[in-house]
1. Among the aspartates and glutamates, which have Cα under 16 Å from the Cα of A:Lys51 when same-chain residues fewer than 8 positions away are ignored?
2. Need one number: % antiparallel among DSSP beta bridges in the protein assembly as shown, to the nearest 5.
3. Could you work out the relative contact order of chain B? I mean the mean sequence separation of Cα pairs under 8 Å and 6+ apart, divided by the number of residues, in percent.
4. If R₀ is 35 angstrom, what is the calculated FRET efficiency for the pair A:Thr216 and A:Gln270, using the beta carbon separation as r and rounding to 0.05?
5. Give the peptides B:93-99, A:259-265, B:184-190 in descending order of average Cβ contacts within 10 Å, highest first.
6. Using the Cα gyration tensor of the stretch B:32-145, with a ≥ b ≥ c the square roots of its eigenvalues, what is the shape: rounded (a/c below 1.5), prolate (a/b larger than b/c) or oblate (neither)?
7. Can you compute the modelled spin-label distance between B:Val29 and A:Ala326, with each label point 7 Å from Cα toward Cβ, in nm?
8. Rounded if a/c is under 1.5, else prolate if a/b beats b/c, else oblate: with a ≥ b ≥ c from the C-alpha gyration tensor eigenvalues square-rooted, which is the stretch B:209-341?
There are 2 protein chains.
Amino acid sequence: MSSDASPVRPARKARVTITDVARSAGVSVATVSKVINDRDGVALGTAERVKAVVSELGYESSLVASSLRRGRSGVLGVLLAEFEPFSTELLKGISARLSGSDYDLMAYTGALGPHPQDQAGWERRSLSSLAGTLIDGAIIVTPTVELPDTTIPVVAVDPHAGPSGPAAIDSDNLGGARAATEYLLSLGHRRIAHLRGRADLQSALLREQGYREALTAAGIPERPELIADGGYRSSPAAESARKLLTLPQPPTAIFAANDLSAIATIDVAQSLGLRVPEDLSVVGFDNVPEAVGTAPPLTTVAQPLREIGQEAVRMLLDLLAGHSLAQPHLHLPAQLVVRGTTARPADIVARA
Amino acid sequence: MSSDASPVRPARKARVTITDVARSAGVSVATVSKVINDRDGVALGTAERVKAVVSELGYESSLVASSLRRGRSGVLGVLLAEFEPFSTELLKGISARLSGSDYDLMAYTGALGPHPQDQAGWERRSLSSLAGTLIDGAIIVTPTVELPDTTIPVVAVDPHAGPSGPAAIDSDNLGGARAATEYLLSLGHRRIAHLRGRADLQSALLREQGYREALTAAGIPERPELIADGGYRSSPAAESARKLLTLPQPPTAIFAANDLSAIATIDVAQSLGLRVPEDLSVVGFDNVPEAVGTAPPLTTVAQPLREIGQEAVRMLLDLLAGHSLAQPHLHLPAQLVVRGTTARPADIVARA
DNA sequence: GTGAAAGCGCTAACAC
DNA sequence: GTGTTAGCGCTTTCAC
């Protein structure tokens with residue numbers, strides 16, 4: 001409206017407060033508060049007048065101030081170390097499940113500095129600083145077991161959790177990894193490599209364990225040279241994949257700990273003149289469903305991250321409603337999705 | 001520690017407040033506050049004692065209370081209608097750029113009810129209710145032009161913005177769409193269909209416009225039957241793709257408004273017995289880079305969403321520092337990435 | 001060096 | 001119906 005406000009640096013009007021509205025409407029702040037919150041005990045005319053002023057001034061009550069006073073905010077928080085594919089996928093499920101509910105959703109991530117000590121305990125710090133005043137409940141995405149006793153209900157996703165501890169939910173990493181490896185075995189592969197995930201994450205350890213168990217059960221001796229670190233990230237995974245594929249006796253199949261590693265592996269294979277799946281079978285745990293929607297379809301272990309998000313919300317809402325959880329620790333199945341283009345070693349050998 | 005706390009419903013201890021710490025340390029709250037915020041004017045011994053109590057009680061100051069009092073929170077907000085691939089991709093860039101900075105990051109989304117009126121104006125409402133008390137600056141992802149004058153600096157991503165209005169940033173949707181269509185034309189395609197995005201989003205309109213402009217420039221008359229609604233979503237896109245591909249004279253190429261539509265198109269094509277790219281060329285605007293990492297590579301128009309996020313943060317930090325922006329309205333190039341598997345119509349005809 | 005007191009914006013008792 | 005008051009947890013003068 002004001003024509004002299006620069007579009008680039010708009011005039012920073014002071015915040016419109018409830019006091020401004022009260023003064024402008026000629027009533028007390030208490031009355032304004034009542035109108036805003038649809039409390040009764042206000043004359044119709046007064047209410048109208050207040051509402052008019054509210055919309056004229058563009059007033060909106062401060063979430064911070066009202067939740068500080070009320071003791072509840074109507075906001076649920078998701079605490080993340082970082083926004084990356086895993087957590088954002090989870091957020092999609094959480095967001096979907098929560099839309100239409102009475103709760104707003106907030107995803108919070110601390111400014112993790114370069115120092116490791118900033119990293120350590122971020123869950124505890126964030127949770128404590130937000131709990132009770134800004135968020136009414138939290139979903140916390142973390143490998144850390146030790147969560148502080150909190151004012152508010154908490155559900156942990158993917159924690160290093162034993163049977164005790166907070167309510168928790170994760171994928172069946174062990175079973176999924178076993179299924180992936182067994183599938184490759186069933187095709188006849190015997191030299192199956194594994195591209196590990198991040199050593200500090202439970203999911204990575206379980207995936208490696210599943211891989212080992214499946215091999216052992218099939219009577220195949222472990223070959224340390226066929227296990228390499230991918231760190232759940234593209235470039236370390238690519239480097240390790242290159243090492244694996246240039247071994248004197250390279251694997252005929254690779255089980256990658258996540259989708260980024262699997263994609264990196266495929267890229268490297270192609271750059272080495274190998275075709276996938278004709279010359280190399282790749283199966284990876286999958287975080288991002290979109291990543292495997294393209295043709296030709298890849299066989300993957302699909303993690304139901306969105307469902308995990310939705311379940312986490314369900315548990316949290318249950319806790320908020322004062323219920324106790326029938327199943328405080330959930331493992332959702334990580335399903336092997338065979339999409340029909342995984343080569344058998346016979347094919348590979350025949351071609352070689 | 002307490003052994004009788006149920007793991008499922010932990011005892012909800014009351015929040016530890018600064019008052020608790022003060023009482024326990026035998027000092028005033030003012031002193032505790034000084035210690036916490038590293039203010040001087042506190043005796044060394046006192047400070048030690050307070051710190052001990054703080055860690056003993058696991059005290060963490062309430063973000064809400066302190067920011068209410070201070071008038072700044074050290075938190076930047078990203079306001080989203082929803083967590084979906086576009087916005088989460090953006091978040092990855094924002095998060096990356098902000099990590100290591102002094103600001104924490106909060107992504108906020110209101111509980112959008114089923115009613116359209118809940119939807120309308122959520123930006124204004126959220127922004128007003130958070131600005132100044134909870135967040136010091138905002139990146140707002142929205143098609144809405146009208147943003148309220150705010151207390152805090154705001155950068156808009158993907159708005160229906162003219163040259164005025166708040167600082168804004170988006171992809172070069174027009175140029176990208178033109179490039180995609182010109183590419184298909186250069187391969188010899190003449191029957192090129194377009195799967196539109198959401199009519200309420202500027203990006204969708206610009207992509208359609210780019211498509212039209214390219215056709216017109218090539219002297220190809222518009223064929224309304226070759227333009228269908230995809231809505232940026234899988235199922236409507238699939239439906240429209242089916243209609244296009246079962247036309248008496250189906251297109252030899254489809255330009256899809258986003259990656260979900262492109263993937264849906266490929267799925268439908270395959271279900272109709274068509275191979276992509278052998279029997280149909282598909283090029284789509286792409287939100288999620290991972291979605292096209294798999295083999296065989298697809299040709300896409302890559303949107304630099306993470307870079308957009310990073311740029312948005314840069315602009316916001318500039319504004320927060322009191323600078324004015326040299327470039328208040330940025331269009332980052334949306335680049336055509338040819339990955340070598342887009343069929344020419346000659347190939348398709350030869351095969352038919 | 002330390003604490004009492006005011007107040008950030010708001011809501012909930014309780015007077016009037 | 002309406003306003004006055006107290007106080008949520010915290011930081012900041014400003015006395016002592």
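The values are calculated or read from the model by the stated rules, or taken from the named source; none is laboratory data. These figures come from a predicted structure and were not determined experimentally. Using ideal geometry, Cβ is built from the backbone for each residue, glycine included, and neighbour counts are taken over all protein chains shown. These area figures cover heavy atoms from the full protein model, side chains too; ligands, DNA and RNA do not enter into them. Shrake-Rupley method; radii C 1.70, N 1.55, O 1.52, S 1.80 Å.
1. Qualifying aspartates and glutamates at Cα under 16 Å: A:Asp20, A:Asp38, A:Asp40, A:Glu60.
2. Details: 11 of 81 bridges.
In the protein assembly as shown, DSSP labels about 15 percent of beta bridges as antiparallel.
3. Numbers: 612 pairs, mean separation 55.8, N = 352.
This gives 16 percent for chain B.
4. 0.65
5. Working: B:93-99: 22.1, A:259-265: 28.7, B:184-190: 18.0.
Per-residue mean Cβ counts within 10 Å order the peptides as A:259-265, B:93-99, B:184-190.
6. Numbers: a/c = 2.96, a/b = 2.36, b/c = 1.26.
Judged from the Cα gyration tensor, the stretch B:32-145 comes out prolate (a/c at least 1.5, a/b above b/c).
7. With each label point 7 Å from Cα toward Cβ, the separation is 4.5 nm.
8. It comes out prolate by the Cα gyration axes.
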